[in-house]
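Written below as structure tokens is the structure these notes are about.
The values are calculated or read from the model by the stated rules, or taken from the named source; none is laboratory data. The structure displayed is predicted, hence computed values, not measured ones. In this analysis, Cβ positions are derived from the backbone assuming ideal geometry, glycine residues included, and neighbour counts consider all displayed protein chains.
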Amino acid sequence: MKLQCALVSVLAASMCAGQGLTAKKAWTPLRTANGQPDLQGVWTNATITPLERPADLAAKPFFTPSEAAAYEKQVVENANVDRRRSDVTTDVGLAYNEAWWDRGTHVVKTLRTSLIVDPADGKLPALTPEGERRAVALAERRRLHPADGPEDRGLTERCILWPTAGPPMMPSVYNNNYQIFQGPEYVAIMVEMIHDVRIIPLDTRPHLPSGVRQWLGDSRGHWEGNTLVVDTTNFTDKTKFRGSSENLHLTERFTRTDPDTILYEYTVNDPATWTKPWTAQITMTKSASRVYEYACHEGNYGMMGILAGARAEETSSANAGAK
Amino acid sequence: MRSATRIGIVMGAALLAAAPVWAHHAFAAEFDGKKPVKLEGTVTKMEWINPHAWIHIDVKDADGKVTNWMVECGTPNTLLRRGVNKNSVTAGMAIVVDGYQAKDGSNRANGRDVTFPDGKKVFLGNTGTGAPGDAPEK
């Protein structure tokens with residue numbers, strides 16, 4: 001525990017100073033057989049640290065170790081209760097209660113109070129007018145056509161894409177597990193959530209032509225010292241990472257800072273959506289677990305239930321109108 | 001004083017962070033808040049399927065008529081990591097499900113609260129349920 005706290009202090013201090021973690025540390029990264037820094041294995045990015053800094057922590061980018069422990073205790077205890085509500089709509093939703101979740105119980109190892117590190121206030125930059133217009137149009141579309149057909153439902157319910165599965169990879173409610181494989185010319189990242197595998201070529205081939213769009217975009221990787229840098233473009237206009245446009249340009253950086261930690265950082269550059277680029281940072285921890293299959297289409301009865309429910313509501317409304 | 005302020009900050013943030021979040025799908029789109037059900041039945045099978053597991057139960061009404069219900073659970077990967085496996089919920093087991101019926105009126109419900117014969121509410125977020133960070137049940 002003492003060692004952990006000491007490590008955390010080093011991490012926090014080096015991040016405060018805006019320096020890379022590896023520069024401060026004596027630890028020499030492991031190497032693969034062909035000499036690359038070794039990122040292989042199963043990693044989890046489960047954390048209770050929120051993407052944006054809560055308002056009451058506005059002046060506090062980092063916890064102290066004792067504050068972090070108190071925060072963790074409070075978050076876990078607050079979540080781990082029977083949240084029965086008199087508002088039945090809320091109660092139905094909360095039926096999916098804490099025992100189902102697996103979102104972690106710790107803050108990130110850097111002890112930051114938000115995943116966003118830039119802007120410095122830990123908040124997402126403002127949307128551009130176009131970004132706002134797109135968000136409003138999408139909300140209106142969903143209001144008018146909540147469930148005409150499966151295409152009206154979100155990508156998660158359709159088992160196509162999980163919005164946090166990446167790129168960029170974000171902590172989510174469960175299945176926060178990733179397995180990284182490395183070959184001389186490729187890195188592959190298997191994501192438990194909806195079971196995607198991203199293949200990242202390490203050569204200098206150009207990105208796909210702009211007319212070719214992919215759910216996970218088109219990734220290219222290269223090494224900068226001990227850091228794997230991955231550049232991704234060519235997203236579809238349906239991928240929409242937090243409302244991004246298809247021209248989202250994503251840069252990810254993976255640095256193994258000790259045997260059990262990868263410092264994962266990503267920068268979102270999408271001038272069509274946000275008024276400036278933003279960067280988030282997450283520590284991924286080596287996991288003793290394995291990645292299980294999450295074959296989402298296997299028994300997606302929920303989609304059937306949602307569409308059947310929408311038809312039943314329409315019939316009910318029509319009958320009420322006829323009376 | 002300084003440390004008291006800090007703890008206050010931390011606790012405020014904790015409340016924010018525990019706001020409800022949705023899983024694979026919003027239960028409120030599938031189940032009807034106006035149709036609460038309490039099902040006392042016998043497990044016929046548990047489907048360990050993605051994205052959500054389902055428990056099937058036979059429920060006998062006052063007239064002795066038996067109806068089969070499906071009850072929606074969490075994701076199998078998380079259940080397994082919580083220590084729930086194929087031996088945890090088996091055919092013939094008596095359970096009580098407190099939940100909400102499907103909006104289309106079919107015999108499907110969400111497992112708002114599932115109680116096992118020993119009275120243990122395995123799937124509820126109370127203490128003793130195996131929820132994250134939970135203390136062992138005494």
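Quick notes on this structure:
- Test: residue in the stretch A:47-70 that is in contact (Cβ under 8 Å) with a residue 60 or more places away in the chain, away from every other protein chain (no Cβ under 12 Å) and farther than 23 Å from residue A:280 by Cβ: no
- Test: residue A:103 is within 30 Å of residue B:73 (Cβ to Cβ), within 14 Å of another protein chain (Cβ to nearest Cβ) and assigned to a helix (DSSP H, G or I): no
- Members of the stretch B:47-76 found to be within 12 Å of chain A (Cβ to nearest Cβ) and either crowded, with 22+ Cβ neighbours inside 10 Å or among the aliphatic types (A, V, I, L, M) (or both), listed by number: B:49, B:50, B:51, B:52, B:53, B:70, B:71, B:72, B:73, B:74, B:75, B:76
- Some residue of the stretch A:80-100 being at pLDDT 75 or above and within 24 Å of residue B:80 (Cβ to Cβ): no
- Qualifying residue in the stretch A:125-146 (condition: touching a residue at least 12 places away in the same chain (Cβ under 8 Å), among the β-branched types (Val, Ile, Thr) and closer than 28 Å to residue B:77 by Cβ): no
- Of all residues making up the stretch B:55-84, the number that are touching a helix residue (DSSP H, G or I) at 6+ places or on another chain (Cβ under 9 Å) and either of a type in the set (Gly, Ala, Ser) or more than 24 Å from residue A:289 (Cα to Cα) (or both): 3
- Among the residues making up the stretch B:80-104, those that are part of a loop (DSSP other than H, G, I, E, B) and modelled with pLDDT of 90 or more are B:90, B:91, B:92, B:93, B:103, B:104.
- Residues in the stretch A:305-314 that are surrounded by fewer than 17 Cβ atoms within 10 Å (Cβ to Cβ) and facing chain B (nearest Cβ under 9 Å): A:311, A:312, A:313.
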